[in-house]
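The structure under discussion appears below in the form of C-alpha coordinates.
The values are calculated or read from the model by the stated rules, or taken from the named source; none is laboratory data. All values derive from a computational prediction rather than experimental measurement. Cβ: placed from backbone, ideal geometry, glycine included. Neighbour counts: every protein chain shown.
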Amino acid sequence: MEFLPKLRFIVTSDIHYKIDEDIQKERFEKGMKLAYDYAEKSPYSKIDAFFAVGDFANSGSEAEMLKFKQSLDKVIAPETKITLMLASHEFKSDGEEGAINRLKTIYSLEPDNFFEIADCPFICISTENGCRMGENKQKWLKSCLEKAVANGREKPIFVFQHPHITDTVYGSINWGEDDITAILTDYPQVIDFSGHSHAPINDPRSIHQKYFTSLGTGSLDYFELDEFDFMYGTIPPDCDECAQFYIVEIDENNAVRILPFDILSEKFFNDGYVISTPWEPDSFNYTFDRALTEKKPYFDDSFKCEYEISADKKLNISFTQAKSNDYRVNTYSVVLRNKASNIVLAQKKISSSYYRYYMPESLSLSIDFPYSSGDYVIEITANGFWYAKSDKYSLHFSI
(Lines give C-alpha, C1' and ligand atoms only; values in the text may rest on other atoms or scores of the structure.)
Protein backbone atom coordinates (compact mmCIF):
# COMPACT_ATOMS: atom_id res chain seq x y z
CA MET A 1 0.00 0.00 0.00
CA GLU A 2 1.29 3.45 -0.89
CA PHE A 3 2.42 5.58 2.05
CA LEU A 4 0.87 9.07 1.74
CA PRO A 5 2.48 11.56 4.13
CA LYS A 6 0.80 14.44 5.89
CA LEU A 7 4.13 15.51 7.40
CA ARG A 8 7.79 15.04 6.52
CA PHE A 9 11.04 15.97 8.28
CA ILE A 10 14.80 15.40 8.08
CA VAL A 11 16.95 14.15 10.97
CA THR A 12 20.73 14.25 11.00
CA SER A 13 23.52 14.56 13.54
CA ASP A 14 27.29 14.57 13.98
CA ILE A 15 27.93 16.66 10.88
CA HIS A 16 31.05 18.21 12.48
CA TYR A 17 31.44 21.37 10.41
CA LYS A 18 35.09 22.46 10.47
CA ILE A 19 36.73 25.67 9.30
CA ASP A 20 39.69 23.93 7.68
CA GLU A 21 37.65 21.23 5.88
CA ASP A 22 34.77 21.37 3.41
CA ILE A 23 33.93 17.67 2.97
CA GLN A 24 31.22 17.88 5.67
CA LYS A 25 29.77 20.99 4.01
CA GLU A 26 29.75 19.33 0.59
CA ARG A 27 28.04 16.23 1.93
CA PHE A 28 25.47 18.15 3.92
CA GLU A 29 24.49 20.50 1.11
CA LYS A 30 24.30 17.64 -1.38
CA GLY A 31 22.19 15.56 1.01
CA MET A 32 19.68 18.30 1.65
CA LYS A 33 19.29 18.96 -2.07
CA LEU A 34 18.63 15.27 -2.63
CA ALA A 35 16.04 15.29 0.17
CA TYR A 36 14.11 18.12 -1.48
CA ASP A 37 14.39 16.37 -4.86
CA TYR A 38 12.82 13.30 -3.28
CA ALA A 39 10.03 15.32 -1.66
CA GLU A 40 9.15 17.12 -4.87
CA LYS A 41 8.34 13.80 -6.55
CA SER A 42 5.79 12.94 -3.85
CA PRO A 43 2.10 13.96 -3.82
CA TYR A 44 3.01 15.67 -0.54
CA SER A 45 6.01 17.69 -1.65
CA LYS A 46 6.94 19.60 1.52
CA ILE A 47 9.70 19.10 4.04
CA ASP A 48 8.17 20.55 7.18
CA ALA A 49 11.14 20.46 9.54
CA PHE A 50 14.87 19.87 9.80
CA PHE A 51 16.58 18.57 12.98
CA ALA A 52 20.31 18.47 13.69
CA VAL A 53 20.70 16.36 16.83
CA GLY A 54 23.95 17.82 18.17
CA ASP A 55 27.59 18.01 17.05
CA PHE A 56 26.75 19.94 13.91
CA ALA A 57 29.81 22.11 14.67
CA ASN A 58 33.08 20.38 15.49
CA SER A 59 34.22 22.78 18.23
CA GLY A 60 31.25 25.14 18.47
CA SER A 61 33.33 28.17 17.49
CA GLU A 62 31.61 31.22 16.06
CA ALA A 63 33.27 30.63 12.68
CA GLU A 64 31.94 27.05 12.50
CA MET A 65 28.48 28.14 13.62
CA LEU A 66 28.41 30.83 10.94
CA LYS A 67 29.62 28.41 8.30
CA PHE A 68 26.81 25.98 9.13
CA LYS A 69 24.28 28.85 9.14
CA GLN A 70 25.37 29.78 5.63
CA SER A 71 24.69 26.21 4.48
CA LEU A 72 21.29 26.17 6.16
CA ASP A 73 20.35 29.43 4.45
CA LYS A 74 21.49 27.97 1.13
CA VAL A 75 19.85 24.53 1.19
CA ILE A 76 16.94 24.57 3.68
CA ALA A 77 13.75 26.07 2.28
CA PRO A 78 12.15 29.00 4.17
CA GLU A 79 9.01 26.95 4.95
CA THR A 80 11.08 24.22 6.65
CA LYS A 81 11.32 24.72 10.41
CA ILE A 82 14.92 24.42 11.62
CA THR A 83 15.77 23.07 15.08
CA LEU A 84 19.32 22.53 16.34
CA MET A 85 20.45 20.85 19.52
CA LEU A 86 23.70 21.52 21.36
CA ALA A 87 25.95 18.83 22.77
CA SER A 88 29.55 18.06 23.67
CA HIS A 89 31.23 19.36 20.52
CA GLU A 90 29.35 22.66 20.47
CA PHE A 91 30.59 23.22 24.04
CA LYS A 92 34.27 22.72 23.18
CA SER A 93 35.05 26.28 22.15
CA ASP A 94 34.16 28.13 25.37
CA GLY A 95 31.60 26.06 27.24
CA GLU A 96 27.85 25.75 27.40
CA GLU A 97 27.03 29.40 28.00
CA GLY A 98 29.02 30.50 24.97
CA ALA A 99 27.38 27.85 22.78
CA ILE A 100 23.90 28.83 23.95
CA ASN A 101 24.61 32.50 23.25
CA ARG A 102 25.81 31.70 19.74
CA LEU A 103 22.75 29.51 19.12
CA LYS A 104 20.52 32.43 20.07
CA THR A 105 22.53 35.11 18.28
CA ILE A 106 23.35 33.32 15.03
CA TYR A 107 20.28 31.09 14.63
CA SER A 108 17.65 32.83 16.81
CA LEU A 109 17.04 29.47 18.50
CA GLU A 110 16.66 28.26 22.08
CA PRO A 111 18.56 25.17 23.27
CA ASP A 112 15.37 23.30 24.26
CA ASN A 113 12.16 23.34 22.25
CA PHE A 114 8.64 21.91 22.36
CA PHE A 115 6.19 22.46 19.50
CA GLU A 116 3.68 20.70 17.29
CA ILE A 117 3.49 20.30 13.53
CA ALA A 118 0.35 18.81 11.99
CA ASP A 119 -0.80 17.81 15.48
CA CYS A 120 2.42 15.83 16.12
CA PRO A 121 4.50 16.85 19.17
CA PHE A 122 8.26 17.45 18.93
CA ILE A 123 10.56 17.68 21.97
CA CYS A 124 14.15 18.76 21.38
CA ILE A 125 16.70 18.80 24.22
CA SER A 126 20.23 20.16 24.31
CA THR A 127 22.48 18.41 26.81
CA GLU A 128 24.52 19.86 29.66
CA ASN A 129 27.77 18.85 31.35
CA GLY A 130 28.86 17.34 28.08
CA CYS A 131 26.13 14.87 27.17
CA ARG A 132 24.13 14.62 30.39
CA MET A 133 20.61 15.73 31.31
CA GLY A 134 20.20 16.77 34.91
CA GLU A 135 17.14 17.20 37.10
CA ASN A 136 15.89 20.40 35.48
CA LYS A 137 16.13 18.92 32.00
CA GLN A 138 14.35 15.79 33.18
CA LYS A 139 11.51 17.82 34.72
CA TRP A 140 11.17 19.85 31.54
CA LEU A 141 11.03 16.67 29.42
CA LYS A 142 8.39 15.16 31.69
CA SER A 143 6.25 18.31 31.46
CA CYS A 144 6.50 18.30 27.66
CA LEU A 145 5.45 14.66 27.48
CA GLU A 146 2.43 15.36 29.67
CA LYS A 147 1.42 18.21 27.36
CA ALA A 148 1.95 15.99 24.34
CA VAL A 149 -0.50 13.32 25.54
CA ALA A 150 -3.07 15.74 26.97
CA ASN A 151 -5.26 15.36 23.86
CA GLY A 152 -4.79 11.61 23.50
CA ARG A 153 -2.03 9.04 23.39
CA GLU A 154 -2.63 7.57 19.93
CA LYS A 155 -0.09 9.61 18.00
CA PRO A 156 3.70 9.60 17.85
CA ILE A 157 5.80 11.90 20.02
CA PHE A 158 9.17 12.73 18.51
CA VAL A 159 12.01 13.27 20.98
CA PHE A 160 15.53 14.37 20.03
CA GLN A 161 18.71 14.47 22.14
CA HIS A 162 22.35 13.91 21.28
CA PRO A 163 23.42 10.84 23.32
CA HIS A 164 21.71 7.50 22.78
CA ILE A 165 19.53 6.01 25.48
CA THR A 166 21.77 3.36 27.05
CA ASP A 167 21.14 -0.21 25.91
CA THR A 168 18.86 0.67 23.02
CA VAL A 169 20.32 1.26 19.55
CA TYR A 170 23.65 0.09 18.21
CA GLY A 171 26.31 2.37 19.68
CA SER A 172 24.43 3.00 22.90
CA ILE A 173 26.64 0.87 25.14
CA ASN A 174 29.72 3.00 24.54
CA TRP A 175 27.95 6.27 23.70
CA GLY A 176 24.73 6.16 25.74
CA GLU A 177 23.31 7.84 28.85
CA ASP A 178 20.44 6.67 31.03
CA ASP A 179 19.33 10.02 32.50
CA ILE A 180 15.88 10.00 30.87
CA THR A 181 15.22 6.27 30.43
CA ALA A 182 12.78 6.00 33.35
CA ILE A 183 10.81 8.98 32.05
CA LEU A 184 10.44 7.67 28.50
CA THR A 185 9.34 4.15 29.46
CA ASP A 186 5.84 5.41 30.30
CA TYR A 187 5.40 6.72 26.77
CA PRO A 188 5.53 3.91 24.17
CA GLN A 189 4.49 6.41 21.50
CA VAL A 190 7.86 8.16 21.82
CA ILE A 191 10.12 7.86 18.78
CA ASP A 192 13.51 8.98 20.01
CA PHE A 193 16.35 10.13 17.74
CA SER A 194 19.92 10.33 19.04
CA GLY A 195 23.48 10.53 17.74
CA HIS A 196 26.90 10.74 19.39
CA SER A 197 28.18 7.29 18.38
CA HIS A 198 28.58 7.76 14.60
CA ALA A 199 27.14 4.25 14.26
CA PRO A 200 25.71 3.42 10.81
CA ILE A 201 21.98 4.00 10.41
CA ASN A 202 21.60 1.06 8.03
CA ASP A 203 22.71 -1.31 10.78
CA PRO A 204 19.45 -3.14 11.69
CA ARG A 205 20.33 -2.59 15.36
CA SER A 206 20.15 1.19 14.82
CA ILE A 207 16.40 0.94 15.27
CA HIS A 208 15.33 -0.51 18.63
CA GLN A 209 11.92 -1.08 20.16
CA LYS A 210 11.11 -2.22 23.66
CA TYR A 211 9.29 0.28 25.86
CA PHE A 212 9.43 2.91 23.08
CA THR A 213 11.18 3.35 19.73
CA SER A 214 14.79 4.53 19.43
CA LEU A 215 16.86 5.35 16.36
CA GLY A 216 20.52 6.26 15.95
CA THR A 217 21.09 9.14 13.55
CA GLY A 218 24.54 8.29 12.13
CA SER A 219 27.00 10.90 10.90
CA LEU A 220 28.20 12.88 7.91
CA ASP A 221 31.82 12.82 9.06
CA TYR A 222 33.11 9.33 9.93
CA PHE A 223 31.84 5.96 11.11
CA GLU A 224 32.55 4.34 14.43
CA LEU A 225 31.56 0.79 15.37
CA ASP A 226 30.52 -0.38 18.82
CA GLU A 227 32.65 -3.49 19.24
CA PHE A 228 36.19 -3.42 20.59
CA ASP A 229 37.49 -6.65 19.09
CA PHE A 230 38.08 -5.47 15.52
CA MET A 231 41.72 -5.80 14.50
CA TYR A 232 41.79 -2.03 13.85
CA GLY A 233 39.72 -0.91 16.84
CA THR A 234 36.30 0.72 16.70
CA ILE A 235 37.07 3.01 13.73
CA PRO A 236 37.36 1.05 10.45
CA PRO A 237 39.88 1.93 7.72
CA ASP A 238 37.13 3.21 5.40
CA CYS A 239 35.46 5.23 8.15
CA ASP A 240 35.33 8.39 6.04
CA GLU A 241 32.90 6.83 3.52
CA CYS A 242 30.21 8.27 5.75
CA ALA A 243 27.23 10.47 4.89
CA GLN A 244 23.85 9.28 6.15
CA PHE A 245 20.60 10.82 7.42
CA TYR A 246 16.89 10.05 7.79
CA ILE A 247 13.80 11.28 6.01
CA VAL A 248 10.79 10.67 8.28
CA GLU A 249 7.16 10.71 7.13
CA ILE A 250 3.86 10.52 9.02
CA ASP A 251 0.49 9.71 7.42
CA GLU A 252 -3.09 10.61 8.33
CA ASN A 253 -3.38 7.54 10.60
CA ASN A 254 -0.23 8.60 12.52
CA ALA A 255 1.78 5.73 11.10
CA VAL A 256 5.46 6.61 10.72
CA ARG A 257 7.89 5.69 7.96
CA ILE A 258 11.62 6.25 8.55
CA LEU A 259 13.84 6.18 5.46
CA PRO A 260 17.63 5.82 5.90
CA PHE A 261 19.45 7.66 3.10
CA ASP A 262 23.03 7.42 1.87
CA ILE A 263 24.32 10.67 0.38
CA LEU A 264 27.39 9.18 -1.33
CA SER A 265 25.38 6.73 -3.44
CA GLU A 266 22.28 8.98 -3.57
CA LYS A 267 20.12 6.02 -2.57
CA PHE A 268 17.88 4.81 0.25
CA PHE A 269 19.29 1.78 2.05
CA ASN A 270 15.92 0.06 2.18
CA ASP A 271 12.18 0.69 1.86
CA GLY A 272 12.08 2.21 5.31
CA TYR A 273 11.07 1.22 8.81
CA VAL A 274 7.29 1.46 9.18
CA ILE A 275 5.75 1.89 12.63
CA SER A 276 2.01 1.55 12.07
CA THR A 277 0.86 2.10 15.66
CA PRO A 278 3.69 3.76 17.60
CA TRP A 279 1.62 3.92 20.79
CA GLU A 280 1.14 0.11 21.02
CA PRO A 281 4.27 -1.80 22.10
CA ASP A 282 2.63 -5.13 21.31
CA SER A 283 2.75 -4.10 17.64
CA PHE A 284 6.49 -3.35 17.61
CA ASN A 285 8.40 -5.18 14.87
CA TYR A 286 11.95 -3.95 15.52
CA THR A 287 12.54 -5.69 18.82
CA PHE A 288 15.30 -7.99 20.03
CA ASP A 289 13.19 -10.89 18.73
CA ARG A 290 14.87 -10.23 15.38
CA ALA A 291 17.96 -11.85 16.87
CA LEU A 292 16.02 -15.11 17.20
CA THR A 293 14.96 -15.24 13.56
CA GLU A 294 18.07 -13.88 11.83
CA LYS A 295 19.16 -16.13 8.97
CA LYS A 296 22.78 -17.18 8.90
CA PRO A 297 25.07 -15.90 6.11
CA TYR A 298 26.54 -18.40 3.69
CA PHE A 299 29.39 -18.95 1.23
CA ASP A 300 28.14 -19.95 -2.21
CA ASP A 301 30.04 -21.53 -5.11
CA SER A 302 31.33 -18.13 -6.22
CA PHE A 303 33.23 -17.56 -2.98
CA LYS A 304 36.99 -17.22 -3.38
CA CYS A 305 39.79 -16.95 -0.86
CA GLU A 306 43.43 -16.29 -1.75
CA TYR A 307 46.59 -15.83 0.28
CA GLU A 308 50.23 -14.89 -0.11
CA ILE A 309 53.15 -14.69 2.27
CA SER A 310 55.11 -11.46 1.88
CA ALA A 311 58.82 -10.88 2.34
CA ASP A 312 58.11 -8.99 5.57
CA LYS A 313 56.55 -12.14 7.06
CA LYS A 314 52.90 -11.24 6.67
CA LEU A 315 50.14 -13.62 5.66
CA ASN A 316 48.00 -11.53 3.33
CA ILE A 317 44.48 -12.93 2.95
CA SER A 318 41.79 -11.72 0.55
CA PHE A 319 38.31 -13.14 0.02
CA THR A 320 35.03 -12.28 -1.63
CA GLN A 321 32.00 -11.36 0.45
CA ALA A 322 29.62 -13.99 1.73
CA LYS A 323 25.90 -13.88 0.98
CA SER A 324 22.87 -13.19 3.15
CA ASN A 325 19.16 -13.66 2.57
CA ASP A 326 18.30 -11.54 5.57
CA TYR A 327 20.33 -8.44 6.37
CA ARG A 328 23.80 -7.76 5.02
CA VAL A 329 26.78 -9.63 6.40
CA ASN A 330 28.06 -7.74 9.44
CA THR A 331 31.58 -9.03 10.20
CA TYR A 332 34.03 -11.81 9.48
CA SER A 333 36.05 -13.85 11.96
CA VAL A 334 39.37 -15.08 10.55
CA VAL A 335 41.40 -17.72 12.39
CA LEU A 336 44.83 -19.12 11.54
CA ARG A 337 45.64 -22.59 12.90
CA ASN A 338 48.56 -24.95 12.84
CA LYS A 339 47.07 -27.92 10.98
CA ALA A 340 49.02 -30.64 12.76
CA SER A 341 48.31 -29.49 16.31
CA ASN A 342 45.06 -27.57 15.60
CA ILE A 343 46.48 -24.78 17.78
CA VAL A 344 45.17 -21.27 17.09
CA LEU A 345 47.98 -18.94 15.98
CA ALA A 346 45.92 -15.80 15.28
CA GLN A 347 42.32 -14.55 15.57
CA LYS A 348 41.12 -11.46 13.74
CA LYS A 349 37.76 -9.79 13.21
CA ILE A 350 36.96 -7.31 10.43
CA SER A 351 33.83 -5.50 9.26
CA SER A 352 32.16 -6.28 5.96
CA SER A 353 31.84 -2.51 5.31
CA TYR A 354 28.08 -3.06 5.39
CA TYR A 355 27.65 0.65 6.18
CA ARG A 356 28.54 1.53 2.57
CA TYR A 357 25.67 1.28 0.09
CA TYR A 358 28.06 -0.25 -2.43
CA MET A 359 29.91 -2.76 -0.30
CA PRO A 360 33.33 -3.82 -1.59
CA GLU A 361 33.20 -7.10 -3.48
CA SER A 362 36.21 -8.45 -1.59
CA LEU A 363 38.04 -7.82 1.67
CA SER A 364 41.62 -8.25 2.77
CA LEU A 365 43.69 -8.41 5.93
CA SER A 366 47.25 -9.18 7.02
CA ILE A 367 48.37 -11.44 9.85
CA ASP A 368 51.88 -11.68 11.29
CA PHE A 369 53.41 -14.90 10.00
CA PRO A 370 56.89 -15.59 11.45
CA TYR A 371 56.88 -19.23 10.29
CA SER A 372 59.20 -20.80 7.74
CA SER A 373 57.60 -24.19 7.25
CA GLY A 374 54.57 -26.29 8.16
CA ASP A 375 50.91 -26.94 7.35
CA TYR A 376 48.30 -24.31 8.20
CA VAL A 377 44.57 -23.66 7.99
CA ILE A 378 42.76 -20.36 7.37
CA GLU A 379 39.22 -20.43 8.75
CA ILE A 380 36.65 -17.77 7.84
CA THR A 381 33.21 -17.31 9.42
CA ALA A 382 30.69 -14.73 8.24
CA ASN A 383 28.67 -13.21 11.08
CA GLY A 384 25.22 -11.67 11.20
CA PHE A 385 24.25 -8.67 13.32
CA TRP A 386 23.17 -10.79 16.28
CA TYR A 387 24.07 -14.44 16.71
CA ALA A 388 23.74 -15.95 13.24
CA LYS A 389 27.00 -17.40 11.90
CA SER A 390 27.81 -19.04 8.60
CA ASP A 391 29.26 -22.49 8.26
CA LYS A 392 33.01 -22.25 8.54
CA TYR A 393 35.10 -22.00 5.38
CA SER A 394 38.57 -23.60 5.60
CA LEU A 395 41.60 -23.24 3.36
CA HIS A 396 44.62 -25.52 3.92
CA PHE A 397 48.09 -24.55 2.75
CA SER A 398 51.67 -25.67 3.26
CA ILE A 399 55.05 -23.97 3.08
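Conditions tested, residue by residue: (1) more than 25 Å from residue 15 (Cβ to Cβ); (2) in contact with a helix residue (DSSP H, G or I) (Cβ under 7 Å, 6 or more places away or on another chain).
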position	(1), (2)
141	no, yes
154	yes, no
168	no, no
183	yes, yes
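Give the residue, chosen from 344, 334, that is of a type in the set (Val, Ile, Thr), under 36 Å from the mean Cα position of the chain (by Cα) and under 16 Å from residue 391 (Cβ atoms).
Just a single option satisfies the conditions, and that option is 334.
Are any residues in the stretch 4-43 in contact (Cβ under 8 Å) with a residue 60 or more places away in the chain, over 22 Å from residue 160 (Cβ atoms) and part of a loop (DSSP other than H, G, I, E, B), and if so, which ones?
Scanning the stretch 4-43 gives a single hit, 4.
Okay, residues lined up against (1) under 11 Å from the mean Cα position of the chain (by Cα); (2) within 24 Å of residue 257 (Cβ to Cβ); (3) assigned by TED's automatic domain parsing to the domain that holds residue 125:
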| position | (1), (2), (3) |
| --- | --- |
| 192 | no, yes, yes |
| 195 | yes, yes, yes |
| 202 | yes, yes, yes |
| 206 | yes, yes, yes |
| 231 | no, no, yes |
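Let me confirm something: among 335, 329, 274, which residue is among the β-branched types (Val, Ile, Thr), in the same structural domain as residue 184 (by TED's automatic domain parsing) and in contact (Cβ under 8 Å) with a residue 40 or more places away in the chain?
Only one candidate qualifies: 274.
Suppose the filter is crowded, with 17+ Cβ neighbours inside 10 Å and either closer than 21 Å to residue 5 by Cβ or of a type in the set (A, V, I, L, M, F, W, C) (or both); does residue 257 pass it? Please lay out each step first, then the result.
On the way: crowded, with 17+ Cβ neighbours inside 10 Å: yes; either closer than 21 Å to residue 5 by Cβ or of a type in the set (A, V, I, L, M, F, W, C) (or both): yes.
Yes, satisfied.
Considering each of 8, 27 in turn, give the residue that is closer than 19 Å to residue 260 by Cβ and either in contact with a helix residue (DSSP H, G or I) (Cβ under 9 Å, 6 or more places away or on another chain) or crowded, with 22+ Cβ neighbours inside 10 Å (or both). Walk me through it before giving the result.
Working: 27 fails: either in contact with a helix residue (DSSP H, G or I) (Cβ under 9 Å, 6 or more places away or on another chain) or crowded, with 22+ Cβ neighbours inside 10 Å (or both).
Just a single option satisfies the conditions, and that option is 8.
Which numbered condition trips up residue 234, out of (1) part of a loop (DSSP other than H, G, I, E, B); (2) over 23 Å from residue 198 (Cα atoms); (3) among the hydroxyl-bearing types (Ser, Thr, Tyr)?
Result: residue 234 fails condition (2) only.
Return yes or no: is residue 88 more than 12 Å from residue 162 (Cβ to Cβ) and not acidic (Asp, Glu)?
It is false that residue 88 is more than 12 Å from residue 162 (Cβ to Cβ) and not acidic (Asp, Glu).
Residue by residue through the stretch 140-172, note down the ones that are over 22 Å from residue 99 (Cα atoms) and either in a helix (DSSP H, G or I) or not assigned by TED's automatic domain parsing to the domain that holds residue 86 (or both).
Result: 142, 143, 144, 145, 146, 147, 148.
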